[in-house]
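The values are calculated or read from the model by the stated rules, or taken from the named source; none is laboratory data. Worth saying up front: this structure is predicted, and the values here are computed from it rather than measured. Ideal geometry is used to build each Cβ from the backbone, glycine not excepted, and the neighbour counts take in all protein chains shown.
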Amino acid sequence: MKASDLNKSTVDELRSTEAELTKELFNLKFQLHTGRLEDTSKPARIKKDIARVKSVLRAKRG
């Protein structure tokens with residue numbers, strides 16, 4: 001997910017994207033702790049995507 005793509009999104013789209021990524025991160029953490037997660041780098045990538053979304057939201061708000 002690129003910040004340039006996020007800049008084109010509306011605030012509502014960004015909020016829904018953030019919610020989806022947060023749910024996905026929760027599920028990945030659960031899988032990680034139960035030993036079912038094969039790609040252990042995915043939670044870190046999702047965290048970075050959430051940070052990008054939050055940064056763009058902050059920039060658009062004020």
* For region 1-26, which residues satisfy the criterion of being surrounded by 12 or more Cβ atoms within 10 Å (Cβ to Cβ) and outside any helix (DSSP H, G or I)? -> Met1, Ser9
* Asked: Do we find a residue being touching a residue at least 12 places away in the same chain (Cβ under 8 Å) and small (Gly, Ala, Ser) anywhere in region 26-46?
  -> no
* Structure fact -> Quick count over region 27-47, residues being assigned to a helix (DSSP H, G or I) and exposed (fewer than 12 other Cβ atoms within 10 Å of the Cβ), is 4
* To do: Kindly establish whether Ser55 is assigned to a helix (DSSP H, G or I), surrounded by fewer than 15 Cβ atoms within 10 Å (Cβ to Cβ) and at pLDDT below 95.
  => no
